[in-house]
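Everything below concerns the one structure shown next.
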Protein chains: 2
Amino acid sequence: MDEHSRSDKSITITYAITCPREDIGTISENIALEQTVEVPAAVIRDARIFKDIVGKVLGIDEAGGPAGERFNVRIAYSAIVSNFEIPQFLNLLYGNISFKPGIKVIDIEFSDEFIQSFTGPRFGIEGTRKLLGVYDRPLVATALKPMGTSVEDLAEMCYRFALGGIDIIKDDHGLVDFPFCRFEERVAKCVQAVESAQQKTGKRTMYFPNITDRFDRIERNAEFAVKSKAGGLLISPFITGLDCVRYIAGNALFDLPIMSHPSLTGIFYSSPECGIAPEIVIGKIFRLAGIDSSVYPNYGGRFSFSKDTCLSIAHSLTEGMAHIRSSFPTPAGGMELENITEIVKFYGNDIILLVGGSLYGRSDDLTANARYFCEKVKEAKQ
Amino acid sequence: MDEHSRSDKSITITYAITCPREDIGTISENIALEQTVEVPAAVIRDARIFKDIVGKVLGIDEAGGPAGERFNVRIAYSAIVSNFEIPQFLNLLYGNISFKPGIKVIDIEFSDEFIQSFTGPRFGIEGTRKLLGVYDRPLVATALKPMGTSVEDLAEMCYRFALGGIDIIKDDHGLVDFPFCRFEERVAKCVQAVESAQQKTGKRTMYFPNITDRFDRIERNAEFAVKSKAGGLLISPFITGLDCVRYIAGNALFDLPIMSHPSLTGIFYSSPECGIAPEIVIGKIFRLAGIDSSVYPNYGGRFSFSKDTCLSIAHSLTEGMAHIRSSFPTPAGGMELENITEIVKFYGNDIILLVGGSLYGRSDDLTANARYFCEKVKEAKQ
């Protein structure tokens, strides 16, 4: 292990820690032990383990708080502790300390060596745009819903949305292989539906089936989607396990863009003093794992992210990150068609606008609703 | 879908909701929609979808709170919404509402039909005891650590712990397939080590390697562990994806008891107003998925669970649950050898006592330390 010295080869994690001033030193040192060796320092007999494995506290900065008890602490971990893999990286990031109060991950810097172990998004923003032939405006997306609808009716919706000019039509994240709405039948018929519409309009629409499923079925679902000429794949990384995304994205057999749904990940942001910042989870980490577009709840919708949080997520999906391609920020969650102009102004063109409910609610004519949505986006483009 | 009427075939979830009194009705109805159809009620055209898919609010009870703004809300979901599978069940349980403030899952009642879809633990408490031939006392377990230790040294520790009488020796949850500590070599040598000790003592010790790994390697790791005659498997369900546990536990090829590590799941309990109660996540749901023993941070250790929480977890792992076997409560996380008597008095005999750090710290003679631990447990047994 000797060749791996710290600093240039480390993963540096910044924690916002809330605790009494007299405890911050001990708490910081304990994190460095807890996330690596899981024993008190006194038990470690081998000096190389201190050097190569135990985290190193780089700095403790005051960060205010109601009684001055908030600190930002930077700890550097040798990247070998992550084994350059997603599962062990998650352990390192927040495994055991998820049980401790007052510790929130607010930033990560990856080492080059760590990033080089990942291929990231296969398509990214540029590649997804190329598949659609759309370069000068935000992409327009919607979701097939509600659960309980038959395959025939979902395929009919697909057709109508595609006729209206939608770029990407994804399954709702709760659409799985239901007896009343089988995965394979749904994929076959929805692909057929968007192709029929395309023959009329000449405009490409991509259908993204939800491949989230039992552990032993995800790969089969992805294979079926590829074979059926689906346009992409929808997956909920914290339902399947995050490394599943890395596996699908990194496997040349599954040559389709991947859209992530953030199901369950809200739990990371529910406490102001604990968890992991959203721009890290559904931004930096999902992108590293290989998602081409990351769905997240937009400000002002039916969830509770702030404008600042949304901008941080969009930034982390698109900022420079060695060879890793940019992922499409995909704001969603109760966005109103009337707010499209403002939203595009806020983010710029490089987003996917995912509108579900209000596209269904506007009128019974889904094609007209989709056209209206697309026109709004064309007007709003920067 | 018509044969699935609500009530006897539903999954009932109880939420503790914090909100102004005037909003509780709307918030409850919104949860019932959000976790199923993901559209406003007005958009649903098909009456059968209301009947079969949308959750039904059964009751809203006052539950106090600083300004009387806490409510317990029971919502019944048709079990078909879960598709009788772990991944979609997780979506139903907390997928989208993880992004909403003030909603905490505090109880679940499964329908018989739902439970019948799962096989649960293959061994459970009784089966694990049978493998060890130990029936009248708590089981005694430790972990191989610290990360950075070579395979040879870990195998030597295994040998010494086994000589001292430890029942179960597991990998630390951060021990993965490191270049400096390969999985296959570790499994082979640690199994050999416990077998050598067994030849001396006549007492069975089981080694549980950590099979948590990349998506495409978990199954291979489990196969290798079985082939190598390991005693069991360690897995971190929220690192691999929870359904991976169900897959391994339900597959006759992997005929070994499974111990779960709670890595990352502390995030569910970090906010008093959000998340999912620990007895549900690492109790009820892990058991349903098929773990035979569930590691969790004991009260009074280096994490922050209360005695009440620990008792609730132990209860949810062992209470009656149709055909599903009981799982071993496995308290851990900085337990002191001197507290063993009190801990056994608290839980009774049907636990696995997992002591890591203080077993290493007591003296350099690991066999003597293990003997001391085992004697403490024999003295303490009920």
Of these, A:P87, A:P138, which one is more than 14 Å from every other protein chain (Cβ to nearest Cβ) and buried (at least 24 other Cβ atoms within 10 Å of the Cβ)? A:P138
Test A:S263 against the criterion of being of a type in the set (S, T, Y), part of a loop (DSSP other than H, G, I, E, B), closer than 27 Å to A:Y15 by Cβ and touching a Phe, Trp or Tyr at 6+ places or on another chain (Cβ under 7 Å), and give yes or no. yes
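Looking at this structure, is A:A42 of a type in the set (G, A, S), modelled with pLDDT under 95, in a loop (DSSP other than H, G, I, E, B) and not assigned by TED's automatic domain parsing to the domain that holds A:A277?
So A:A42 does not fit the description; no.
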Test result for A:L253, among the aliphatic types (A, V, I, L, M) and more than 14 Å from chain B (Cβ to nearest Cβ): no
Only one of B:K51, B:K104 is at the interface with chain A (Cβ under 10 Å from one of its Cβ atoms), free of Cβ contacts under 8 Å to residues at least 60 places away in the same chain and touching a Ser or Thr at 6+ places or on another chain (Cβ under 9 Å). Can you tell me which? B:K51
Being surrounded by fewer than 19 Cβ atoms within 10 Å (Cβ to Cβ), away from chain B (no Cβ under 14 Å), in contact with a Ser or Thr (Cβ under 9 Å, 6 or more places away or on another chain) and β-branched (V, I, T): is that true of A:V57 here? yes
Kindly indicate whether B:I60 is outside the structural domain of B:I280 (by TED's automatic domain parsing), of a type in the set (V, I, T), in a helix (DSSP H, G or I) and closer than 19 Å to B:S10 by Cβ. no
Would it be correct to say that B:G25 is assigned to a helix (DSSP H, G or I), away from chain A (no Cβ under 14 Å) and not aromatic (F, W, Y)? yes
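Residue-wise test of (1) crowded, with 19+ Cβ neighbours inside 10 Å; (2) part of a loop (DSSP other than H, G, I, E, B); (3) of a type outside the set (D, E, K, R).
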{"residue": "B:R325", "(1), (2), (3)": "yes, yes, no"}
{"residue": "B:P331", "(1), (2), (3)": "yes, no, yes"}
{"residue": "B:E338", "(1), (2), (3)": "no, no, no"}
{"residue": "B:F346", "(1), (2), (3)": "no, no, yes"}
{"residue": "B:A368", "(1), (2), (3)": "no, no, yes"}
{"residue": "B:R371", "(1), (2), (3)": "no, no, no"}
{"residue": "B:E375", "(1), (2), (3)": "no, no, no"}
{"residue": "B:E379", "(1), (2), (3)": "no, no, no"}
{"residue": "B:Q382", "(1), (2), (3)": "no, yes, yes"}
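Let's see how each residue does on (1) in contact (Cβ under 8 Å) with a residue 60 or more places away in the chain; (2) within 12 Å of chain A (Cβ to nearest Cβ):
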position	(1), (2)
B:K229	no, no
B:L233	no, no
B:R246	yes, yes
B:T265	no, yes
B:I282	no, yes
Out of the range B:141-165, which residues are away from every other protein chain (no Cβ under 14 Å) and in contact with a Lys or Arg (Cβ under 9 Å, 6 or more places away or on another chain)? B:A141, B:A155, B:C158, B:A162, B:L163, B:G164, B:G165
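Give me a count of the residues in the range A:126-154 that are of a type outside the set (D, E) and not in a loop (DSSP other than H, G, I, E, B). Give the derivation first.
Taking the range A:126-154 and keeping what is of a type outside the set (D, E), we get A:127-135, A:137-151, A:154.
When the remaining residues are screened for being not in a loop (DSSP other than H, G, I, E, B), the result is A:127-132, A:139-144, A:151, A:154.
Final tally of qualifying residues: 14.
The values are calculated or read from the model by the stated rules, or taken from the named source; none is laboratory data. Because the structure is a prediction, the values reported are computed rather than measured. Please note: Cβ atoms are built from the backbone with ideal geometry, for glycine as well, and neighbour counts cover all protein chains shown.
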